[in-house]
Amino acid sequence: MNRLEGKRSVVTGGARGIGYAIAEAFAREGSDVAILDCRDEDATRAARSLATGEVKTVAATVDVSQPKSVEAAFAQIQSAFGHIDILVNNAGIDTNSLVVDMPVSLWDEMMAVNLKGVFLCSKAALPGMIQRKWGRIINISSQLAHKGAAEMAHYAAAKAGVIGFTRSLAYEVIRDGITVNAICPGPIDTELFRNIPPLWRERKLAELPIGRAGRVDEIAPTAVLLASDEGSYYVGATLNPNGGDVMI
Ligand code: NDP
């Protein structure tokens, strides 16, 4: 408990699913938390539900793929919190298509949200972290970055890009006291996973060594570890809570 006491965290896509579970775990560990998400009412509801006498929570609307939206949301959080210690780049989308049928717009949207969004939010959070000589950036990638999957080439490519980005940024800022790491979850029971075509989901669950989808509370502890002082020696690492889908 209180491993993040006094910290100020931002979780993108924090209104539900894995992001909300991470935000909840951070608040439990004593961090103030900002929920950034697409829809104002969802972000506000999530932030309210986490607020306690001990921690402050705020909400801001953002589209992580849009530079101006990201700038505005981070300016709002900076003014509410004063500074940002921890950023979790969690917001993401999932769509399915064979490459041969994939509209270019579907590819572009995936890259804009799942890869460019990580760049834009990191860029917005970094100046304050560099100035304060402390920071944690945690990027939510996916086990599909390692494994690939039919109908998800765009998703796997974006998530593999997140790992490359994580390692490169880690080189750039570790001597400023900022660690940058990635988490690659396996299939987790969230709205995103439930919206994948049923046949794809059934095939994935059948091949999983653990034989079931994960729970969001099986991912959040990894984020707490990377965010806390206990995670200080992880640099550019990729942690893999994935039910054995990829054993690395
Ligand atoms: P959910 O769909 O349950 O939650 C994602 C949240 O991100 C939603 O609140 C969504 O808002 C928000 N979001 C989507 N696009 C944007 C955007 N452009 N700007 C801001 N917020 C946005 O997903 P999960 O919790 O399952 O996934 C969280 C992360 O984990 C994603 O990056 C995903 O790729 C990754 N992941 C998930 C796995 C799984 O099996 N669930 C496995 C491996 C990785 P809205 O509802 O308005 O769209």
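Read-outs: derived from the displayed coordinates by stated rules, not from any lab. None of the values given here were measured: they were computed from a predicted structure. Don't worry about glycine lacking a Cβ; one is built from the backbone with ideal geometry, like all the others, and counts go over all protein chains shown.
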Q | Residues that are in contact (Cβ under 8 Å) with a residue 24 or more places away in the chain, surrounded by fewer than 19 Cβ atoms within 10 Å (Cβ to Cβ) and hydrophobic (A, V, I, L, M, F, W, C), drawn from the stretch 225-246 | A | 235, 237, 246
Q. Can you tell which of 153, 160, 170, 145 is touching a strand residue (DSSP E or B) at 6+ places or on another chain (Cβ under 9 Å), more than 11 Å from the ligand (Cβ to nearest atom) and of a type in the set (Gly, Ala, Ser)?
A. 170
Q | Hits in the stretch 168-195 - residues which are under 19 Å from residue 226 (Cα atoms), buried (at least 18 other Cβ atoms within 10 Å of the Cβ) and of a type outside the set (Gly, Ala, Ser) | A | 169, 173, 178, 179, 180, 181, 183, 184, 185
Q. Quick one: is residue 126 closer than 23 Å to residue 241 by Cβ and of a type in the set (A, V, I, L, M)?
A. no
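Being of a type in the set (A, V, I, L, M) and out of contact with any Leu (no Cβ under 6 Å at 6 or more places or on another chain) narrows it down to one residue among 125, 75; which is it? Break it down into steps so the answer makes sense when it comes.
Details: 125 fails: out of contact with any Leu (no Cβ under 6 Å at 6 or more places or on another chain).
Selected residue: 75, the only one of 125, 75 that is of a type in the set (A, V, I, L, M) and out of contact with any Leu (no Cβ under 6 Å at 6 or more places or on another chain).
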Q: Return the only residue of 69, 97, 105 being assigned to a loop (DSSP other than H, G, I, E, B) and either more than 16 Å from the chain's Cα centre (by Cα) or surrounded by 14 or more Cβ atoms within 10 Å (Cβ to Cβ) (or both).
A: 97
Q: Tell me, please, whether a residue that is within 13 Å of the ligand (Cβ to nearest atom), free of Cβ contacts under 8 Å to residues at least 60 places away in the same chain, under 18 Å from residue 241 (Cβ atoms) and of a type in the set (Asp, Glu) can be found in the stretch 189-200.
A: yes
Q | Matching helices (runs of 4 or more DSSP H) fully within the stretch 137-248 where at least 2 residues are more than 30 Å from residue 27 (Cα to Cα) | A | 144-147, 153-173, 198-207
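Here is a yes/no grid of residues against (1) within 11 Å of the ligand (Cβ to nearest atom); (2) buried (at least 18 other Cβ atoms within 10 Å of the Cβ):
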{"position": "19", "(1), (2)": "yes, yes"}
{"position": "26", "(1), (2)": "no, yes"}
{"position": "34", "(1), (2)": "no, yes"}
{"position": "38", "(1), (2)": "yes, no"}
{"position": "43", "(1), (2)": "yes, yes"}
{"position": "49", "(1), (2)": "no, no"}
{"position": "58", "(1), (2)": "no, yes"}
